[in-house]
1. Regarding region 53-72, can at least one residue be identified that is within 27 Å of M176 (Cα to Cα), assigned to a strand (DSSP E or B) and over 23 Å from the mean Cα position of the chain (by Cα)?
2. Would you pick out the residues in region 34-65 that are in contact with a strand residue (DSSP E or B) (Cβ under 7 Å, 6 or more places away or on another chain), closer than 26 Å to Y246 by Cβ and not acidic (D, E)?
3. Report yes if some residue within region 426-437 is over 29 Å from the mean Cα position of the chain (by Cα) and either modelled with pLDDT of 95 or more or of a type in the set (G, A, S) (or both); otherwise report no.
4. In region 140-152, is there at least one residue being of a type outside the set (F, W, Y), without any contact (Cβ under 8 Å) to a residue 40 or more places away in the chain and surrounded by fewer than 19 Cβ atoms within 10 Å (Cβ to Cβ)?
5. Can we say N93 is in a loop (DSSP other than H, G, I, E, B) and closer than 25 Å to A311 by Cα?
6. Considering each of S231, S181 in turn, give the residue that is part of a helix (DSSP H, G or I), without any contact (Cβ under 8 Å) to a residue 24 or more places away in the chain and under 18 Å from P118 (Cα atoms).
7. Take the conditions closer than 15 Å to G82 by Cα, out of contact with any strand residue (DSSP E or B) (no Cβ under 7 Å at 6 or more places or on another chain), buried (at least 24 other Cβ atoms within 10 Å of the Cβ) and touching a residue at least 40 places away in the same chain (Cβ under 8 Å) and apply them to G172. Does it pass?
8. For region 254-263, which residues satisfy the criterion of being in a helix (DSSP H, G or I) and in contact with a strand residue (DSSP E or B) (Cβ under 9 Å, 6 or more places away or on another chain)?
Amino acid sequence: MLLKYFYDENLAQASYMVGCQASKEAFIIDPARNILPYLNAATKEGLHIVGALETHIHADFVAGTRELSQQIGAKMYLSDEGDADWKYENIGNLPHQLVKDGNEIMLGNISFQVMHTPGHTPESISFLVTDGGVKAEHPIGIFTGDFVFVGDVGRPDLLEKSAQKVGTADKGAKDMYNSLSKFKRLPDYVQVWPGHGAGSPCGKSLGAIPSSTVGYEKQVSWAFQHEDYDSFAKELLDGQPEPPKYFGVMKRVNKVGPNFLEDLEKPKRMNDITSLNRYIEEGIQVIDTREAALFSKEHIEGTINIPFNLAFTNWAGWIIDYERPLYLLTDPYKLEEIQMALQSIGIDKLEWYMDVDLAIRMTSELESYHDITPKEVKELISSEGAQVVDVRYDSEWKSGHIEGAQHIMLGDLSDRLDEVPNDRPLILQCGSGVRSAIAISLLQANGFKDVHNMLGGYARWQKDMN
């Protein structure tokens, strides 16, 4: 048996290739939308990808299962568990098999036993793997998807918060408790291969190492330390981070089927600054992907700054309107990578791009904003009645905040602009100054011009004010 690990740092998402050297065949577990890494790896190993196994209808990225099936004819193995609301749709023309608890799938000498493990979602399944190539009678590992992570378990509240399915969080917590009881009966030596790592919003305390074992998780994970359901459910549901807005979109896209990448048009290059300014005036969303330090010094009025870094995909999903065309101001050499990141969360309407350095050079009047220290913030509050707007997550706000600050989480800012005062200086603040820089660009693009970014965020405020 061959096992290969693939990890997308932007999404904190893991996928896997399992190969049988005897049959020269391979499965991909929870593939991402960009299937090229799997094709390259299979070619290198002399394997033919014959199937793609999906643990559930994902909410945080566009799955590549249908892409593999459409491009190379891989058979899709999809869950047939859960209620009618969460069944896969539009799969009839692609090779597929719907699977339930107890079903066995064979890859050469390797057996994949389906386990229904609801909790994160009603249809969630895991795959228990036994390597028959070495004549093993016992399983070697389990692909858990978003069921069990290293040090954590999948959150059960996404359907309620992202898909507005009222009451599903409590039911999901009960399902998770029962699924974990089933998981605990597995041999301690069974390896655990989860679908996400640290940084994923699919849980609240995911570990940064890629794998674990059943026995280790039973010993150290908080989820296995509770002796009764009530205390388990309380810890499971309390303190979960706000799910990004795009989670609801992803759930729908993966249920009905995403666009195939070959059908998407390539973005066109623009060199006309007059046309760009006209598009901005007409309300087209234009994203500048430079780092915040450059954007703060000079940028085109009406543009929004989402720096292209490891947090780009998350905040793009929060801020970009999926239904409207998208324009980018960026380094053309990074365009393909940025487009791939956007497509990974289903943002397919990228129509134009422009070299950001060229756009800046061609623009006569540029905007900017200033970074100020916590001490300068205090002076501005005292002298001009400035308003601090805290854009951190709710859990951060509850753990401590600046007296008199207004709390609007960054991902909600676009929908709550009418709550932001426009008659006094505004000071944007987060944990370190990164999210508040994005927030400033959003406010400036919507007509709030007297804005400042607090350096170092709340951590520096606590240090400087003590």
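1. Here is the first cut: in region 53-72, the residues within 27 Å of M176 (Cα to Cα) are 53-65.
From the residues that got through so far, the ones that are assigned to a strand (DSSP E or B) too are 53, 63.
Filter once more, so that each one left must be over 23 Å from the mean Cα position of the chain (by Cα): none.
Checking region 53-72: not a single residue is within 27 Å of M176 (Cα to Cα), assigned to a strand (DSSP E or B) and over 23 Å from the mean Cα position of the chain (by Cα).
2. P37, Y38, A52, L53, T55, H56, F61, G64, T65
3. Here is the first cut: in region 426-437, the ones over 29 Å from the mean Cα position of the chain (by Cα) are 426.
Filter once more, keeping what is either modelled with pLDDT of 95 or more or of a type in the set (G, A, S) (or both): 426.
Yes: region 426-437 contains one or more residues that are over 29 Å from the mean Cα position of the chain (by Cα) and either modelled with pLDDT of 95 or more or of a type in the set (G, A, S) (or both).
4. Step one: filter region 140-152 for residues of a type outside the set (F, W, Y), giving 140-142, 144-146, 148, 150-152.
Now restrict to residues that are without any contact (Cβ under 8 Å) to a residue 40 or more places away in the chain: none.
Checked against the condition, which is being of a type outside the set (F, W, Y), without any contact (Cβ under 8 Å) to a residue 40 or more places away in the chain and surrounded by fewer than 19 Cβ atoms within 10 Å (Cβ to Cβ), region 140-152 yields no hits at all.
5. On the way: in a loop (DSSP other than H, G, I, E, B): yes; closer than 25 Å to A311 by Cα: no.
When the stated conditions are applied, N93 does not pass them.
6. Among S231, S181, only S181 is part of a helix (DSSP H, G or I), without any contact (Cβ under 8 Å) to a residue 24 or more places away in the chain and under 18 Å from P118 (Cα atoms).
7. Values: closer than 15 Å to G82 by Cα: yes; out of contact with any strand residue (DSSP E or B) (no Cβ under 7 Å at 6 or more places or on another chain): yes; buried (at least 24 other Cβ atoms within 10 Å of the Cβ): yes; touching a residue at least 40 places away in the same chain (Cβ under 8 Å): yes.
Answer is yes for this residue.
8. Here is the first cut: in region 254-263, the ones in a helix (DSSP H, G or I) are 254-256, 261-263.
Correct list: N254 only.
The values are calculated or read from the model by the stated rules, or taken from the named source; none is laboratory data. Only a predicted model underlies this, so the values are computations on that prediction, with no experimental measurement involved. Every residue, glycine as well, gets a Cβ built from its backbone with ideal geometry; the counts of neighbours run over all protein chains shown.
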